[in-house]
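This report refers to the structure that appears directly beneath it.
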Amino acid sequence: GIRWSLRCRHREDGQDAEANAEADKKRRETVEARNQAESLIHSSEKSLKEYGDKVSETDRKAISDAIAALKAATEVSEPDAEDIKAKTNTLMEG
């Protein structure tokens, strides 16, 4: 009867809330990863302009390529937090 219907609906609402919470968490992680990446891109580009002549051409190219890859990861229509984090780590280690 109505009690069963309400109980089922309550369970569905709980599942929706869990799904929404997971989606919110993923969005938050992506935003945080993107913000960190954009900050790193900015500081890396600035450092490369200031000190680029003090590193080898090979290193400059590797850093430029890592910056470009990270920029591309942040600019896609649906960025992936894990991809951004991986490319951020690559640039930080480069």
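The values are calculated or read from the model by the stated rules, or taken from the named source; none is laboratory data. Keep in mind that this is a model prediction, so the values were computed, not measured. So basically every Cβ, Gly included, is an ideal-geometry build from the backbone, and we count neighbours across all protein chains shown.
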- Item | Residue list for the range 65-83, filter: of a type in the set (D, E, K, R) and under 8 Å from the mean Cα position of the chain (by Cα) | 80, 82, 83
- Message: So in the range 1-26, with the set limited to residues that are of a type in the set (Lys, Arg) and at pLDDT 75 or above, which one is farthest from residue 67 (Cα to Cα)?
- Response: 25
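For every residue, the table says whether it meets (1) at pLDDT 95 or above; (2) assigned to a helix (DSSP H, G or I); (3) touching a Leu at 6+ places or on another chain (Cβ under 8 Å).
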| site | (1), (2), (3) |
| --- | --- |
| 28 | yes, yes, no |
| 35 | yes, yes, no |
| 44 | yes, yes, yes |
| 51 | no, yes, no |
| 63 | yes, yes, yes |
| 66 | yes, yes, yes |
- Restricting attention to the range 35-94, which residues are loosely packed, with under 12 Cβ neighbours inside 10 Å and among the hydroxyl-bearing types (Ser, Thr, Tyr)? 39, 43, 51, 56, 58, 77
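Would you point out which residue out of 88, 74, 58 is free of Cβ contacts under 8 Å to residues at least 12 places away in the same chain and assigned to a helix (DSSP H, G or I)?
Numbers: 88 fails: free of Cβ contacts under 8 Å to residues at least 12 places away in the same chain; 74 fails: free of Cβ contacts under 8 Å to residues at least 12 places away in the same chain.
Going through 88, 74, 58 in turn, the sole match is 58.
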